[in-house]
1. Can you tell me which of 202, 227, 183, 212 is out of contact with any His (no Cβ under 7 Å at 6 or more places or on another chain), modelled with pLDDT of 95 or more and of a type in the set (Lys, Arg)?
2. Given the criteria surrounded by 15 or more Cβ atoms within 10 Å (Cβ to Cβ), part of a loop (DSSP other than H, G, I, E, B), at negative phi and within 16 Å of the chain's Cα centre (by Cα), does residue 115 qualify?
3. Scan the range 81-100 and report the pairs whose first residue is over 23 Å from residue 5 (Cβ atoms) and among the aromatic types (Phe, Trp, Tyr) and whose second residue is assigned to a strand (DSSP E or B) and open to solvent by 50 Å² or more (accessible area, probe 1.4 Å), with Cβ atoms within less than 7 Å and a gap of 6+ or a chain change.
4. Starting from the range 133-145, take each residue that is among the aliphatic types (A, V, I, L, M) and list its partners that are open to solvent by 80 Å² or more (accessible area, probe 1.4 Å) and at pLDDT below 95, counting only C-beta distances under 6 angstrom and pairs at least six apart or across chains.
5. If residue 50 satisfies all but one of (1) modelled with pLDDT of 95 or more; (2) open to solvent by 20 Å² or more (accessible area, probe 1.4 Å); (3) assigned to a loop (DSSP other than H, G, I, E, B), what's the number of the condition it fails?
6. Filter the range 155-186 down to residues that are out of contact with any strand residue (DSSP E or B) (no Cβ under 7 Å at 6 or more places or on another chain), in contact (Cβ under 8 Å) with a residue 40 or more places away in the chain and outside any loop (DSSP other than H, G, I, E, B) and give me whichever is surrounded by the fewest Cβ atoms within 10 Å (Cβ to Cβ).
7. Is it the case that the range 37-44 has a residue that's farther than 27 Å from residue 129 by Cβ, of a type in the set (A, V, I, L, M), surrounded by 24 or more Cβ atoms within 10 Å (Cβ to Cβ) and modelled with pLDDT of 95 or more?
8. Just to be sure I understand the filter: pairs with C-beta atoms under 6 Å, separated by 6 or more residues or on different chains, first member in the range 57-80 and at pLDDT 95 or above, second member open to solvent by 20 Å² or more (accessible area, probe 1.4 Å) and in a helix (DSSP H, G or I). Which pairs pass?
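The values are calculated or read from the model by the stated rules, or taken from the named source; none is laboratory data. These numbers come from a predicted model, not from an experiment. Every residue, glycine as well, gets a Cβ built from its backbone with ideal geometry; the counts of neighbours run over all protein chains shown. We work out accessible area using only protein heavy atoms, side chains counted, and drop any ligands, DNA or RNA first. Shrake-Rupley method; radii C 1.70, N 1.55, O 1.52, S 1.80 Å.
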Amino acid sequence: MSEKPFVSAIIVAAGNSTRMSCYVSKQLIPLLGEPTISYTLKAFEAASLVDEVLIVCRKVDMDELKELVVNYGFTKVKGFTVGGSERSESVKNGVMAASELATHFAIHDGARALISPHDIDKVISEALLCGAATLGSPVTDTIKIVDKNGVITSTPDRSALMAVQTPQVFQRELYLKALENAKGKGFTDDCAMLEEMGVYPKIVPGDHPNIKLTTQADIPMAESILKKRKEQNV
């Protein structure tokens, strides 16, 4: 009998929110009156294939996040850990805090608050089959490759381009090997760590908007989408 899958979700919420230009973590910025990360955690709480959630955060935010988890009754959140100086280090800290039962890790940016339980389960299902998968969306803009002077050198075929999102889901041993190989290389994308080893994750198109809050301009956009979902009871 095959091993029963156990998925540990690592919510990465340890950034300094530099591009957001605000004095608090962007994970705690209110969207329609609720902290951004509360929407993220609601989605993972509701995802049927997620067994536990670990939150990686700044030390200064930890007490507030712990209180939030209690107030919202998030039963899947099993632990907190402090982030590192690089994203890969933050994720590693989360992975090391995960249950020994974990067969797969679902790595997600806490600032992608529009993620849906449906899309979480969709990408996990694919990763359970092939070992590595990520959520993504087709690129709609024309992309140009430029040189160091900003001069266009080529135009890639848009039909072959996808914008990578999160969650990104990986089989445990595969991901631990990628983390070890990535030491000191400054990766900002988990899939790229596997590509470095010659392993190519599958991209699963999402069915719902999944923008990441990066700048102030993203806040009204996210609130508009959330408001429409509430009106449609989605």
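1. Numbers: 227 fails: modelled with pLDDT of 95 or more; 183 fails: modelled with pLDDT of 95 or more; 212 fails: modelled with pLDDT of 95 or more.
Within the list 202, 227, 183, 212, the selection yields 202.
2. Details: surrounded by 15 or more Cβ atoms within 10 Å (Cβ to Cβ): yes; part of a loop (DSSP other than H, G, I, E, B): yes; at negative phi: yes; within 16 Å of the chain's Cα centre (by Cα): yes.
Considered against the rule, which asks whether it is surrounded by 15 or more Cβ atoms within 10 Å (Cβ to Cβ), part of a loop (DSSP other than H, G, I, E, B), at negative phi and within 16 Å of the chain's Cα centre (by Cα), residue 115 comes out as yes.
3. none
4. Listed pairs, sorted by first residue: 139/158.
5. (2)
6. This residue is 176.
7. Filtering the range 37-44 down to residues farther than 27 Å from residue 129 by Cβ leaves 37-39.
Keeping just the survivors that are of a type in the set (A, V, I, L, M) gives 37.
Still in the list and also surrounded by 24 or more Cβ atoms within 10 Å (Cβ to Cβ): 37.
Restricting the remaining residues to those that are modelled with pLDDT of 95 or more gives 37.
Yes; the residues of the range 37-44 include at least one that is farther than 27 Å from residue 129 by Cβ, of a type in the set (A, V, I, L, M), surrounded by 24 or more Cβ atoms within 10 Å (Cβ to Cβ) and modelled with pLDDT of 95 or more.
8. 74/45; 76/45; 80/62
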